[in-house]
Amino acid sequence: MKIVVTGGLGFIGSHTVVELQNEGFEVVAIDNLSNSSIEVLDGIERITGKKPLFENIDLREKAAVQEFFKKHTDVVGVIHFAASKAVGESVENPLLYYENNVNALVYILQEMIKLPKANLIFSSSCTVYGQAEKMPITEDASVQPAMSPYGNTKQIGEEIIFDVANVTNLNSVLLRYFNPIGAHSSAEIGELPLGVPQNLVPFITQTALGLRKELSVFGNDYPTEDGTCIRDYIHVVDLAKAHVIALQRLLKEANQEQVEIFNLGTGTGSSVLEVITAFEKVSGQKLPYKIVPRRSGDVISAYANTDKANDVLGWKAKLTLEDALEDAWKWEKKIRS
Ligand code: NAD
């Protein structure tokens, strides 16, 4: 069965391609390499023994998207990862984000709904909940006004999918990720942040290697046990597996609604200081860090209630924070060696 993975050479996409191939799916990866490298294909091949088909397409080009779906009429599912994802950059350049994250989705949907099977898995985010009132966060927590154009593109994307499903054959699963971290345990694929990492774990691993002087911890006066922000860190391989399960649900027509939403997290919140301590334990080295003022836009706490994903989707995160930090550390050392 042929599955299209947009952004298939990116961080979460590449791990999902591996899991799809392990389950016997035929994968066509689309990527314009704007935030990834062509060598990722070799990493995937070294893990699975197979290189996925690859199309270097910029999904902002409507004609190219049309051409692609004309060529691949036997596609039975699309997993749409391709997007720009830097919150700060989205504030600086909102049109880039609306063009890349919204236009591309529209072009894909326009072609998908012509297919006999229009099954879409969409990468959404826990940012849609903003600072939720209740922890852990359930899927029926209200969607809060977006705090950035990036966050807004995820909300708009979800709304577009609901509207299109209303009047077409589209079936979709919206996956709201909490904080994906880690790398494949083989260290053949992982995260490749360009420039200064925006996320905690790549910043930690780069600091531990001496590429950055010290880690800045943004605020230790939050109303949490140790004063630092709390997030739900999920291993990227667990996350990738959830995509395969969600896709199989659509292919088996086991979905209860045309559009379903699932939180993907571990259900456990970890503070920034807890992540640092866990990293020091797995790497056996001290991490230089300093406390700096709070960063605007950071919510205090966000961790998932995973009951719906566990019970309805039949998926549960298996790997621990320590597993993820160990794999991220192995990957960082390998790419810098
Ligand atoms: P990533 O940047 O590693 O992967 C995205 C891939 O899409 C990249 O390889 C990039 O080259 C490609 N791409 C971007 N624009 C494209 C275009 N116009 N045409 C073709 N390819 C294009 O990001 P990721 O961390 O793997 O995230 C995947 C998805 O998950 C994104 O939609 C992101 O918003 C969402 N998400 C990520 C996180 C996270 O923390 N990583 C959290 C929540 C949601």
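Condition check for Asn166 on (1) open to solvent by 10 Å² or more (accessible area, probe 1.4 Å); (2) away from the ligand (no atom under 13 Å from the Cβ); (3) in contact with a strand residue (DSSP E or B) (Cβ under 8 Å, 6 or more places away or on another chain): one failure, at (3). I'd like to check something: does the range 282-300 contain any residue that is more than 30 Å from Ser172 (Cα to Cα), open to solvent by less than 50 Å² (accessible area, probe 1.4 Å), part of a strand (DSSP E or B) and β-branched (Val, Ile, Thr)? Yes, the conditions are met somewhere in the range 282-300. Selection within the range 15-58: residues that are among the polar types (S, T, N, Q) and under 16 Å from Leu247 (Cα atoms). The member of this set that is nearest to the ligand (Cβ to nearest atom) is Thr16. Can you say whether Ser90 is part of a loop (DSSP other than H, G, I, E, B) and within 14 Å of the ligand (Cβ to nearest atom), as far as the supplied structure shows? It is false that Ser90 is part of a loop (DSSP other than H, G, I, E, B) and within 14 Å of the ligand (Cβ to nearest atom).
Filter the range 132-163 for residues that are buried (at least 17 other Cβ atoms within 10 Å of the Cβ) and in contact with a Lys or Arg (Cβ under 8 Å, 6 or more places away or on another chain) and give the result. Scanning the range 132-163 gives Glu139, Ala141, Ala146, Tyr150.
With respect to Leu109, determine if the residue is in a loop (DSSP other than H, G, I, E, B), open to solvent by less than 60 Å² (accessible area, probe 1.4 Å) and either away from the ligand (no atom under 14 Å from the Cβ) or among the small types (Gly, Ala, Ser) (or both). When the stated conditions are applied, Leu109 does not pass them. Taking Tyr97 as the residue in question, decide whether it is under 27 Å from Glu253 (Cβ atoms), within 15 Å of the ligand (Cβ to nearest atom), hydroxyl-bearing (Ser, Thr, Tyr) and buried (at least 19 other Cβ atoms within 10 Å of the Cβ). Criteria not met by Tyr97.
The values are calculated or read from the model by the stated rules, or taken from the named source; none is laboratory data. Note that the structure is predicted; figures quoted are calculated from it, not measured. Heads up, the Cβs are rebuilt from the backbone with ideal geometry, glycines too, and the neighbour counts pull from every protein chain shown. SASA here: full protein model, heavy atoms, side chains in, ligands and nucleic acids out. Shrake-Rupley method; radii C 1.70, N 1.55, O 1.52, S 1.80 Å.
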